[in-house]
1. Scan segment 70-79 residue by residue and report those that are more than 15 Å from GLN142 (Cα to Cα) and assigned to a loop (DSSP other than H, G, I, E, B).
2. Can you go through TYR242, TYR216, TYR232 and tell me which one is aromatic (Phe, Trp, Tyr), more than 25 Å from ASN147 (Cα to Cα), open to solvent by 10 Å² or more (accessible area, probe 1.4 Å) and within 13 Å of the ligand (Cβ to nearest atom)?
3. Out of ALA156, ALA163, ALA123, report the one residue that is touching an Asp or Glu at 6+ places or on another chain (Cβ under 9 Å) and closer than 19 Å to TYR225 by Cα.
4. Where residues in segment 172-184 are touching a helix residue (DSSP H, G or I) at 6+ places or on another chain (Cβ under 9 Å) and not in a loop (DSSP other than H, G, I, E, B), which of them is nearest to the ligand (Cβ to nearest atom)?
5. Suppose the filter is on the phi > 0 side of the Ramachandran plot, touching a residue at least 24 places away in the same chain (Cβ under 8 Å), surrounded by fewer than 22 Cβ atoms within 10 Å (Cβ to Cβ) and not in a helix (DSSP H, G or I); does LEU187 pass it?
6. Scan segment 193-209 and give yes if some residue there is within 11 Å of the ligand (Cβ to nearest atom) and in contact with a helix residue (DSSP H, G or I) (Cβ under 6 Å, 6 or more places away or on another chain), otherwise no.
7. Would you pick out the residues in segment 196-254 that are assigned to a strand (DSSP E or B) and free of Cβ contacts under 8 Å to residues at least 60 places away in the same chain?
Amino acid sequence: MNHSKKTKSKKIYIITFIICLVMATILFFTYTKLSNKEQNNDVSQNISPSSNTTLNEQPKDNIDINDPASQFIIVNKNRPILLSYVPSDLVSPNVTLNNQKSNSENSIRNIVAPNLESLFVDAKKNNLDLMLASGYRSAELQGFYYNNLVQSLGQAEADTVSAKPGTSEHQTGLALDIASTNRECYLEACFADTKDGIWLKDNAYKYGFILRYPLYKDKITGYQYEPWHFRYVGKDLAQKIYSQNTTLEEFFNL
Ligand SMILES: [Zn+2]
């Protein structure tokens with residue numbers, strides 16, 4: 001009897017021990033789960049306010065300046081895009097093209113084409129005779145132009161007027177050079193003083209284009225004044241950049 005009593009209390013002791021162990025395990029896991037959840041909440045709370053702040057500080061919601069397919073992409077010497085990037089919607093716009101360029105270089109992105117066509121129609125109404133001098137350039141073609149300039153000017157000078165492959169916004173299909181059909185001041189600074197250059201500078205924003213490399217902004221953009229080089233960003237942003245007399249880099253605090 002005594003022996004059986006001892007065995008019984010031993011059994012009770014073991015069962016109690018097991019129950020305690022199970023409860024401790026359950027408590028441990030519940031606590032760990034809760035504490036992880038709290039940590040996750042902390043992380044999301046940390047992200048949310050700062051990203052909201054960024055959006056509030058800059059009323060530029062939904063503007064993607066990193067995706068090469070975005071109309072807001074910012075490409076410059078410090079912000080290259082992949083050499084392999086080719087826009088998927090290149091078209092030949094219905095404007096006067098450069099007969100010395102390939103079909104590829106005479107193309108631009110589909111979202112740009114109707115805006116460029118409207119600009120050309122209105123330029124014609126103002127007795128201007130423009131042509132698309134250069135549109136989309138593959139990284140390979142850009143490399144060809146760049147290397148030619150390095151050979152003729154030396155690298156330092158070439159870098160102020162041309163872009164290394166992957167750093168030219170011509171590769172996005174959103175940038176283009178415009179010239180007079182008579183090639184007066186063709187891709188030269190004096191184009192700014194021609195009636196074509198003056199009209200473009202004052203009106204391109206109405207069609208969604210900005211003068212990408214303005215005068216005295218070379219320290220910011222990395223390029224000398226290019227009164228012929230325009231970049232499509234859409235009418236809304238073009239209007240803001242034009243009225244603020246600024247650049248893409250300054251507008252986005254880059
Ligand atoms: Zn250009």
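1. Matches in segment 70-79: SER70, GLN71, PHE72, ILE73, ILE74, ASN78.
2. After applying the criteria, what remains is TYR232.
3. ALA163
4. ASP177
5. yes
6. No, that holds for no residue.
7. Those that are assigned to a strand (DSSP E or B) and free of Cβ contacts under 8 Å to residues at least 60 places away in the same chain: ILE210, LEU211, HIS229, PHE230.
The values are calculated or read from the model by the stated rules, or taken from the named source; none is laboratory data. All figures in this text were calculated on a predicted structure; none of them were measured in a lab. Glycine also receives a Cβ, built like all others from the backbone with ideal geometry; neighbour counts cover every protein chain displayed. Surface accessibility is based on the protein's heavy atoms, side chains included, excluding ligands, DNA and RNA. Shrake-Rupley method; radii C 1.70, N 1.55, O 1.52, S 1.80 Å.
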